[in-house]
1. Filter the stretch 16-49 down to residues that are closer than 20 Å to Phe82 by Cα and either among the small types (Gly, Ala, Ser) or in contact with a Phe, Trp or Tyr (Cβ under 8 Å, 6 or more places away or on another chain) (or both), then give me how many there are.
2. Could you please find all residues in the stretch 182-208 being touching a Phe, Trp or Tyr at 6+ places or on another chain (Cβ under 9 Å) and open to solvent by 60 Å² or more (accessible area, probe 1.4 Å)?
3. Considering each residue of the stretch 151-199, count those that are of a type in the set (D, E, K, R), part of a helix (DSSP H, G or I) and at pLDDT 95 or above, and give that number.
4. Would the stretch 22-36 turn up any residue that is open to solvent by 60 Å² or more (accessible area, probe 1.4 Å), free of Cβ contacts under 8 Å to residues at least 60 places away in the same chain and touching a strand residue (DSSP E or B) at 6+ places or on another chain (Cβ under 9 Å)?
5. Consider Leu163 carefully, then state whether it is open to solvent by less than 60 Å² (accessible area, probe 1.4 Å) and under 23 Å from Trp12 (Cα atoms).
6. Could you tell me whether the stretch 209-222 includes any residue that is surrounded by fewer than 18 Cβ atoms within 10 Å (Cβ to Cβ), at pLDDT below 95 and assigned to a helix (DSSP H, G or I)?
7. Name every residue in the stretch 104-132 that is more than 14 Å from Cys81 (Cα to Cα) and in contact with a strand residue (DSSP E or B) (Cβ under 6 Å, 6 or more places away or on another chain), in order of residue number.
8. Going through Asp59, Asp69 one at a time, which residue ends up being in contact with a strand residue (DSSP E or B) (Cβ under 6 Å, 6 or more places away or on another chain), acidic (Asp, Glu) and either farther than 24 Å from Glu159 by Cα or open to solvent by 30 Å² or more (accessible area, probe 1.4 Å) (or both)?
Amino acid sequence: MADDHIKLEPSWKARVGDYLLRPEMRELSAFLRARVAAGARIFPPARNIFAAFDATPFDQVKVVILGQDPYHGPGQAHGLCFSVQPGVPVPPSLLNMFKELERDLGIPRPDHGCLLPWARQGVLLINAVLTVEQGRPGSHQGKGWEGFTDHVVEALDREREGLVFMLWGSYAQKKGRIVDPRRHRVLRTTHPSPLSAHRGFLGSGHFSAANEYLARRGMAPVDWSLPPRHALGID
């Protein structure tokens with residue numbers, strides 16, 4: 001990955017761009033090119049791989065939600081964890097997130113699953129692994145992305161203070177171990193997947209807890225409601 005070819009939002013590139021020049025990231029880049037050449041369909045599209053960073057510059061981050069890897073169905077993944085493009089059916093985990101929002105804050109379920117409005121308010125929606133192959137969940141785990149996203153979390157933990165980290169499920173909680181709970185608010189519960197949501201996520205109150213923490217620190221809370229699909233302007 002040549003430096004001038006790294007399409008990363010400037011505030012992020014200044015902090016983690018060097019990491020993309022490491023040998024293991026060059027190997028990852030070669031792996032992705034080889035898979036495309038072999039006919040693999042990779043999600044999200046290349047232009048959206050770093051979409052979470054484009055939508056939420058480093059200094060604007062207030063909340064961090066960590067996912068595992070992108071959705072592996074056509075048209076779903078667009079670079080923000082748990083989010084899908086307008087018009088795409090809402091996946092089960094995201095539906096449970098909407099259920100908890102309604103229970104926690106009385107916010108009715110939106111008519112789409114695009115979380116870009118959250119990202120634009122400072123909610124960094126990143127997966128630990130930024131690419132996947134169609135129909136093959138976890139297919140790009142262990143190829144190098146985890147080190148990069150660890151580097152992202154480390155930069156936030158080190159340079160920022162008073163962030164909210166939402167760590168849902170054992171995978172996210174393991175990745176979040178480097179976060180200093182004395183400097184940040186760390187919220188942990190089960191994953192919103194239908195397999196585990198009823199064991200802690202539903203009823204966790206994480207959305208209101210995040211806003212209460214931000215308010216105590218004099219920061220604007222997140223408006224967790226989503227505008228109707230027709231008002232997004234991104235169809």
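1. Matching residues across the stretch 16-49 total 2.
2. Within the stretch 182-208, Arg185, Arg188 meet the criteria.
3. At the first step, the residues of the stretch 151-199 found to be of a type in the set (D, E, K, R) are 154, 157-161, 174-175, 177, 180, 182-183, 185, 188, 199.
Applying the additional criterion that residues be part of a helix (DSSP H, G or I) yields 154, 157-159, 174-175, 177, 199.
Cutting the leftovers down to at pLDDT 95 or above gives us 154, 157-159.
Adding up the residues that qualify gives 4.
4. yes
5. Details: open to solvent by less than 60 Å² (accessible area, probe 1.4 Å): yes; under 23 Å from Trp12 (Cα atoms): yes.
Against the criterion (open to solvent by less than 60 Å² (accessible area, probe 1.4 Å) and under 23 Å from Trp12 (Cα atoms)), Leu163 qualifies.
6. Checked against the condition, which is being surrounded by fewer than 18 Cβ atoms within 10 Å (Cβ to Cβ), at pLDDT below 95 and assigned to a helix (DSSP H, G or I), the stretch 209-222 yields no hits at all.
7. none
8. Being in contact with a strand residue (DSSP E or B) (Cβ under 6 Å, 6 or more places away or on another chain), acidic (Asp, Glu) and either farther than 24 Å from Glu159 by Cα or open to solvent by 30 Å² or more (accessible area, probe 1.4 Å) (or both) holds for just one of Asp59, Asp69, which is Asp69.
The values are calculated or read from the model by the stated rules, or taken from the named source; none is laboratory data. This is a predicted model, so every value here is computed, not measured. Here the Cβ is made from the backbone with ideal geometry for all residues, glycine too, and neighbour counts use every protein chain on show. Keep in mind that these areas ignore ligands, DNA and RNA; they rest on the heavy atoms of the full protein, side chains included. Shrake-Rupley method; radii C 1.70, N 1.55, O 1.52, S 1.80 Å.
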